[in-house]
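The values are calculated or read from the model by the stated rules, or taken from the named source; none is laboratory data. Bear in mind that the values here come from a model prediction, so they are computed numbers and not experimental data. For neighbour counting, all protein chains shown are included, and Cβ atoms are generated from backbone atoms with ideal geometry for every residue, glycine included. Please note that ligands, DNA and RNA were not included when accessible areas were found on the heavy atoms of the full protein model with its side chains. Shrake-Rupley method; radii C 1.70, N 1.55, O 1.52, S 1.80 Å.
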Amino acid sequence: MIHKQSCSPYPTGAIAGLTLVEVVIALGISALAVAGIVGGYLFSIASAQKSALSLAAGAKAIERVEETRSAIWSISSFPPVDQLVATNFPDEVVILDQNAAGNGITYGTNFTQISQISVDPPLRRIHVDCVWNFKGIQLLTNSMETCRAPDR
Amino acid sequence: MKQLPCLMASAQTSTRVIAAFTLPEALISTTLFLLLLGGVVGANLFGMRMYQLNETKLKAGDGVRKTLGLMTDEIRKCKNVWLGNATNGTFVSLLDAEPQTGSALLIQPTTNATNFVLYFLNPSDQSFRRSVTATATTTIMAQTVTNTTIFRAQDCFGNILTNSQNNRVIHVTLEFFQPQPWLPVGDYSKLETCVTRRRLD
């Protein structure tokens, strides 16, 4: 009777190398780490984009405030001229951002409120809200407010 | 019972030698290491590219925001403001009945007509410049400006004016284009703002 002797050149420690499961787990951990790094970059890009859009929305709100600033409100002339009323500043859709190809436009909407604070002395409050949508998941508002007296 | 002699095992082989990787093990290990290294390097290259893109935008945006901030302050508190065009640094004002759009803006802080600040586009090098007569200096405020009509005067409803009436909004538009060596498409950006003079007489 002849027995084949199982023989290995390796000692016990060398036989216990990486198994397939261990390799897969190691690869999974590596992929998680790389995904984490890339995810961090993507998050920072999204944050930068959000900040840029927020700045643009603020600028658009300021533009509207400046337009109301230029409205003629003269109480010393005859007849008095008053362009500083809410009907003269209806809701306005503005473009906050678009790419070079003209696609991917982000819109905002300016809502203008004008209210009388005081009659004597005459003073009005101008409030502009620029409402915009970030990636279709979050509604954000940038507001600007100022007070204005009549033209001299 | 007869046992076959083990051909591979050798009593003379030391433990250090037989504990080494075989060729397949070494190849697999190297491949895995290269994959991991490639992933990390790729992620860093991607991040560097994004960083460069954002750095360019932020730097350009920061400089121009400072410019616009200074200009809006000067317009708000000025005594008078004129739109026109600048040729070789010489300002030519727009006349009445002409659409109030141009590449230069002259701001007079006081009633002294010889004291003014001039913002203008130099088309030869696409730079946006600020010239102050009080200090006789001209500084470059922004570069790679591509649009030639930077300023326009409009009424409160957004209509472009054809005269220099008192109540008007100065609309400023600056468009920039910077080629990107890393990208097939250059970086385009646009800044807009509106300013109204506060001292309406």
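Only one of the numbered conditions (1) closer than 18 Å to B:ILE170 by Cβ; (2) surrounded by 13 or more Cβ atoms within 10 Å (Cβ to Cβ) is not met by B:GLN126, and that is (1). So if I check each of B:ILE160, B:ILE170, which one is touching a strand residue (DSSP E or B) at 6+ places or on another chain (Cβ under 9 Å) and open to solvent by 50 Å² or more (accessible area, probe 1.4 Å)? Criteria check complete, one pass: B:ILE160.
Among the criteria (1) in a helix (DSSP H, G or I); (2) more than 9 Å from every other protein chain (Cβ to nearest Cβ), the one B:VAL81 does not fulfil is (1).
Contact annotation: residue pairs with Cβ atoms under 6 Å, 6 or more positions apart or on different chains, pairing a residue in region A:24-44 that is in a helix (DSSP H, G or I) with a partner that is surrounded by 13 or more Cβ atoms within 10 Å (Cβ to Cβ) and not β-branched (Val, Ile, Thr), are A:SER30/B:LEU36; A:VAL34/B:GLY39; A:VAL34/B:ALA43; A:ILE37/B:ALA43; A:VAL38/B:ALA43; A:TYR41/B:GLY47; A:TYR41/B:MET50. Looking across region B:134-157, the residues that are in a loop (DSSP other than H, G, I, E, B) and buried (at least 17 other Cβ atoms within 10 Å of the Cβ) come down to B:THR144, B:ILE150, B:ASP155, B:CYS156. If only residues of region B:39-65 that are without any contact (Cβ under 8 Å) to a residue 24 or more places away in the chain, surrounded by 13 or more Cβ atoms within 10 Å (Cβ to Cβ) and within 17 Å of B:LEU191 (Cβ to Cβ) are counted, the one that is nearest to the other protein chains (Cβ to nearest Cβ) is B:ASN54. Here the condition is being farther than 29 Å from B:GLN165 by Cα and of a type in the set (A, V, I, L, M); of A:LEU84, A:LEU123, A:LEU96, it holds for A:LEU96 alone.
Checking each residue in region A:124-142 for being in a strand (DSSP E or B) and open to solvent by 60 Å² or more (accessible area, probe 1.4 Å) picks out A:ARG125, A:ASN133, A:GLN138, A:LEU139, A:THR141. Assessment of region A:51-68 against the conditions (more than 22 Å from B:TYR51 (Cα to Cα), in a strand (DSSP E or B) and modelled with pLDDT of 90 or more) yields no matching residue.
Among the residues making up region A:41-84, those that are out of contact with any strand residue (DSSP E or B) (no Cβ under 8 Å at 6 or more places or on another chain), open to solvent by less than 60 Å² (accessible area, probe 1.4 Å) and more than 8 Å from chain B (Cβ to nearest Cβ) are A:ALA46, A:SER47, A:SER77.
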